[in-house]
1. Given the options Arg23, Arg55, name the one that is within 14 Å of Trp95 (Cβ to Cβ) and assigned by TED's automatic domain parsing to the domain that holds Gly98.
2. For the range 61-102: of the residues being outside any helix (DSSP H, G or I) and over 30 Å from the mean Cα position of the chain (by Cα), which is surrounded by the most Cβ atoms within 10 Å (Cβ to Cβ)?
3. So which of Asn288, Asn277, Asn242 is under 28 Å from Ile139 (Cα atoms) and of a type in the set (S, T, N, Q)?
4. Run down Glu207, Glu212, Glu190, Glu199 and say which single residue is at pLDDT below 95 and of a type in the set (D, E, K, R).
5. Would you confirm, using the coordinates I've provided, whether Lys80 is assigned by TED's automatic domain parsing to the domain that holds Ser234 and not hydrophobic (A, V, I, L, M, F, W, C)?
6. Taking the condition closer than 26 Å to Ser322 by Cα, free of Cβ contacts under 8 Å to residues at least 40 places away in the same chain, assigned by TED's automatic domain parsing to the domain that holds Thr278 and assigned to a loop (DSSP other than H, G, I, E, B), does Gly179 pass?
7. Tell me, yes or no, whether the range 315-323 has at least one residue that is more than 14 Å from Ile241 (Cβ to Cβ) and without any contact (Cβ under 8 Å) to a residue 24 or more places away in the chain.
8. Inspect all residues belonging to the range 20-28 and state whether any of them is closer than 30 Å to Phe222 by Cα and among the basic types (Lys, Arg).
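The values are calculated or read from the model by the stated rules, or taken from the named source; none is laboratory data. Note that the structure is predicted; figures quoted are calculated from it, not measured. With ideal geometry, Cβ positions are generated from the backbone for all residues, glycine too; neighbour counts draw on all protein chains shown.
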Amino acid sequence: MKNKIEIEHFLLLSADIPIIDVRSPGEYNQGHIPGSYNIPLFNDEERAIVGTKYRKEGRNRAILAGLDLIGPSMAEKLNKALLLAENSKLLVHCWRGGMRSESMAWLFSLGGIDTMILEGGYKAYRNHILNKLSEPRRIIVLGGLTGSSKTHILKYLRATGNNIIDLEGLANHKGSAFGSLGQDPQPTSEQFSNLIFTEWRKCKPDEIIWVEDESKNIGNVFIPDQVYKNMQGSPLIALIININARIPRLAEEYSKFPAEELTASVKKISKRLGGDNTRDAIEAIEKNDYQKAIEITLKYYDKAYLFGLKNHPAKQVYFIESESNDIEENAMKVLEIAKKILWHL
C-alpha cells in the first residue's frame, strides 16, 4: 500500500499525529509504543477465534469469521478514531503491518481520516528500538548508599539542563525490598524497554546521559541487556553519605506507609538480615520507631552496595563522602566530579 511508511518516519510524524495500535488489548498491554491509543480490530477472545479458524479452515474462512465479529462494532471503532484524529490524520500499526492495520486504515478512511501504516508493524518498532538501545552512549551513573537522595539529585540535574533517564520512575519501583511501596503497578519488561527508548531518543548521540546505579532488574522488570552493559562500562559516582544524615529523610518517607506493608518488606530480606535483626526491625516498626528500623536495614543495604561496587571497574568509580544529605549541596559535588570525568569521555 502507498500509505505505508518506515519506522523512522513513523516516529518522526508521531510528534504531531496520534498513533493507533489496532492489536488486541492483551498484545497492547504486553508492550506498546508509549503514547499510543488502543483501538483493537479484535478483542483477545475474537483474535483467538479468528486465529483458530485460519489454522483449521484457511484464510477466507478466517476473514469471513472476522467480519461477522467486528461488524457490529465498526461504527464505535470509527467514532473513537474520529475523536483522536489530529487534523484528520492518524498513524496506525498492528503486529506486522498486515491485514489488521490495513483493514482499520480502510475503516478510518470512510470517515475521511488520512491514515499512514507502519511498515512491518510493532515488530519493526521493537527491532528498531533494540538496535538503537544497543548503540554505545556516553553515560554517567549516579550511585551511592541507600537513602542518599540519588533520585532527588538526578531531578536537580535535570532542572539544570542535564539529560536524565529515571529508570526507577519508568519502572514504578525504587529497586529495593521496599521499592514497590506507594508505586503504581510495574510495566512489563518489554514495555519498560519501550519507555527507556522514548527517553533515550530525546538525547543526541554525543550528549551525556545520567542514570541511577541499578541492578539488572528493578523489581520485576529487567533493564535491556545492552543498556545495562553500557551502564556497567560507564563512570560511576558513588555518594557515601553518613548514615545519621540519611536516616531522617528515610524515616519521614517510609513512616507514611502502613506498618504491615513495612513488615512484609522487612521479611523479604529476612534471610540476609538474620533472625535477630529481622525481629528487632519488626518490633521497631510496631513501636513506630522508624529510625531504629531503618538503621537496622541500612546496615545490610550499605554492606551489600559496597560489596556490589567491586563488580564495577575500579578506575571508573569516583567516591564523594559527605556528612550532609542536602540535595543541592551534594548535587554540586556530583557536578564537580562530572567535570573531571568529562575530560576523559
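1. Working: Arg55 fails: within 14 Å of Trp95 (Cβ to Cβ).
After applying the criteria, what remains is Arg23.
2. Within the range 61-102, the first condition is being outside any helix (DSSP H, G or I), and the residues that meet it are 85-98.
Those still in the list that are over 30 Å from the mean Cα position of the chain (by Cα) too: 87-88.
On the way: Asn87: 9, Ser88: 12.
That would be Ser88.
3. Numbers: Asn288 fails: under 28 Å from Ile139 (Cα atoms); Asn277 fails: under 28 Å from Ile139 (Cα atoms).
Every option except Asn242 fails the conditions.
4. Numbers: Glu212 fails: at pLDDT below 95; Glu190 fails: at pLDDT below 95; Glu199 fails: at pLDDT below 95.
Just one listed residue meets the conditions, Glu207.
5. Details: assigned by TED's automatic domain parsing to the domain that holds Ser234: no; not hydrophobic (A, V, I, L, M, F, W, C): yes.
Here the answer is no, as Lys80 does not meet what is asked.
6. Numbers: closer than 26 Å to Ser322 by Cα: yes; free of Cβ contacts under 8 Å to residues at least 40 places away in the same chain: no; assigned by TED's automatic domain parsing to the domain that holds Thr278: yes; assigned to a loop (DSSP other than H, G, I, E, B): yes.
So Gly179 does not fit the description; no.
7. Start the filter on the range 315-323 by keeping residues that are more than 14 Å from Ile241 (Cβ to Cβ), which leaves 315-318.
Add one more test, that the residue is without any contact (Cβ under 8 Å) to a residue 24 or more places away in the chain, and what stays is 315.
Yes, there is a match, as at least one residue in the range 315-323 is more than 14 Å from Ile241 (Cβ to Cβ) and without any contact (Cβ under 8 Å) to a residue 24 or more places away in the chain.
8. Taking the range 20-28 first, the residues closer than 30 Å to Phe222 by Cα are 20-28.
Applying the additional criterion that residues be among the basic types (Lys, Arg) yields 23.
Scanning the range 20-28 turns up at least one residue that is closer than 30 Å to Phe222 by Cα and among the basic types (Lys, Arg).
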